[in-house]
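Some notes on the structure that comes next.
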Amino acid sequence: MPHAVTPLLCRLHTPAVVCPLGDDLAGIAARLFDGQRGLNTSDAFTPGRALPLGQVTTSLPDDSGWPARHRSRNNRLLAAALEHLAPTLDAYQRRCPGARIGVVLGTSTSGIGATETAIAQYDAHGELPANFHYQRHEIGASARFIAEQLGLSGPAYTLSTACTSSAKALTSARRLLANGTCDAVITGGADSLCELTVNGFAALEAVSDAPGQPFCAERQGLNLGEAAALFLLTAEPGGIQLSGYAETSDAHHISAPRPDGDGARQAMQGALDMAGITPGEVGYLSLHGTATPLNDSMEANAVAALADGERIPCSSTKALTGHTLGACGALEAAFCWLALQHDSLPPQVHDQPLDSAIPTLGFVSAETPKAPPQGLRYALSNAFAFGGNNIALLLEQTP
């Protein structure tokens, strides 16, 4: 039978990840800690302008037999991750056959790419494809897809807060455990590359024609990517716990971050306060680090204010995967999970000099020891979004 919920327990079981670094955790970890970029150059979404993109190149499940409302690349990414999550989920359900399982996901694209293809056919031939179904691009499609695939009847919903979407899904899932609504939650998120996002960020002059250079003096913008990352969260002791989180809202500007980074600092401090630790106890900080001028400057200010002179080991893994938008919160939480599991730190990958005009951070390099002698216990992950939405997640490796 499901156990009684203890609010402070939130175990993050082995994540399931499909991203530009691969789809098996061992391979992903090897590339992550080696600092291998997973970017390919393509003009598939911007004809005539080739851009570095973090595309998933591993095989995805065939969706031809699915109901029309579920057929999209976004759901194929989720289905691939769900296949990798199956052993963890099956083992839990064998132990707790009556568990109440919820689904909380984040996305910013959902299946809009499939609708773009349908509209292109309509423009060319005057009719939509026979199998077109508008529900595939609804924001709620992601959670509905997984719930129907698994036959789950618990809470199932999708959050869309731009680049914090899947980080917010993790905090929401933790609250479902804490308040006793669920015994377990499948949570995380997915986003797929599509014309809307690639051209949208290009219109904002936020994308770079070269591989991204987070926190570098000559950074020119982000590279976009796609991914799916899923966790099973349960109210159980042991393993790696989601021990703290905090969410703040700057309401500074619809797209630009608050320059001093105080909202971001408050989110990080709130996550530490929930876990009852100090900044100096954080063994690794996964930076949001988009390589846009304003975001990196803001985040550097926030981290410097939080650390108060201490150099927290940190890096931005978006240099390796691109910015996966609504999936990045869960993806980078999975990278923190791998860092704790392997006692290793992802390096800060850059090909240009770092920006001396912003606070100097404790960037991990190939020459930096991969982990302190006593091993890693805490990892903090940042996610920031349009509208000044800030989230920090604190993961803890427990005995």
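Here are the numbers for the structure shown:
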read-out	value
Verdict on Ala206 being under 15 Å from the mean Cα position of the chain (by Cα) and either under 21 Å from Asn382 (Cβ atoms) or among the β-branched types (Val, Ile, Thr) (or both)	no
Qualifying position, being modelled with pLDDT of 95 or more, farther than 26 Å from Thr164 by Cα, outside the structural domain of Ser315 (by TED's automatic domain parsing) and not in a loop (DSSP other than H, G, I, E, B), among Arg94, Arg49	Arg94
Thr360 more than 20 Å from the chain's Cα centre (by Cα), at pLDDT below 95 and of a type in the set (S, T, N, Q)	yes
When residues of region 253-297 are limited to those that are of a type in the set (S, T, N, Q) and farther than 14 Å from Asn389 by Cα, the one surrounded by the most Cβ atoms within 10 Å (Cβ to Cβ)	Ser286
Options Gln135, Gln213; residue that is out of contact with any strand residue (DSSP E or B) (no Cβ under 8 Å at 6 or more places or on another chain), at pLDDT 95 or above and not in a strand (DSSP E or B)	Gln213
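Okay, residues lined up against (1) under 28 Å from Asp250 (Cα atoms); (2) without any contact (Cβ under 8 Å) to a residue 12 or more places away in the chain; (3) part of a strand (DSSP E or B); (4) not β-branched (Val, Ile, Thr):
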| residue | (1), (2), (3), (4) |
| --- | --- |
| Tyr122 | no, yes, no, yes |
| Thr164 | yes, no, no, no |
| Arg175 | yes, yes, no, yes |
| Thr181 | no, no, no, no |
| Gly200 | yes, yes, no, yes |
| Glu236 | no, no, no, yes |
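The values are calculated or read from the model by the stated rules, or taken from the named source; none is laboratory data. Predicted model, so just to flag it, every value in this text is computed and none were measured. We place every Cβ from the backbone using ideal geometry, glycine too, and count neighbours over all the protein chains shown.
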